[in-house]
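Structure record follows, encoded as structure tokens.
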Amino acid sequence: MKINHSFSNFRVPFLRARAELRKLFEGLGNVRVLEMAGAEGIGSNHPNAINALARNRTLWKHWMETHYKTCTEPSVIGLSEHILLIAEKEGPNGV
């Protein structure tokens, strides 16, 4: 992909698919990916609804339980706006 850098105030986003991101880190040779999760999870496209749940302690608890059960599913990671990647460095300065 060729990127036009002529816009001085435009920030180029780092867009990668879940599988590409894992390959990128594991391709470093001394990094092992432990887990990946979708930060927003299945609520990714519904921020107002999620914010409404946060106003009710019981609903919020159920939402978070659902989020924790689903956020590491590959399809949920793919639809999330942000990905949490947990990795460890292997070798002399790592694990």
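Since every read-out is calculated from the coordinates, none of them should be taken as a lab result. Values in this document were obtained by computation on a predicted structure and should not be read as measured data. Don't worry about glycine lacking a Cβ; one is built from the backbone with ideal geometry, like all the others, and counts go over all protein chains shown.
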Selection from the stretch 77-95 of residues surrounded by 13 or more Cβ atoms within 10 Å (Cβ to Cβ) and of a type in the set (A, V, I, L, M) yields Ile77, Leu79, Ile83, Leu84, Leu85, Ala87
Please go through the stretch 29-38 and pick out each residue that is loosely packed, with under 12 Cβ neighbours inside 10 Å and over 9 Å from Leu85 (Cα atoms).
Gly29
Could you list, in sequence order, all residues of the stretch 46-76 that are out of contact with any helix residue (DSSP H, G or I) (no Cβ under 6 Å at 6 or more places or on another chain), part of a loop (DSSP other than H, G, I, E, B) and surrounded by 11 or more Cβ atoms within 10 Å (Cβ to Cβ)?
His46, Asn56, Thr72, Glu73
Among the numbered conditions (1) touching a Phe, Trp or Tyr at 6+ places or on another chain (Cβ under 8 Å); (2) within 17 Å of Arg18 (Cβ to Cβ), tell me where Ala37 comes up short.
(1)
All positions within the stretch 16-45 that are closer than 12 Å to Pro74 by Cα and in a strand (DSSP E or B)
Glu35, Met36, Ala37, Gly38
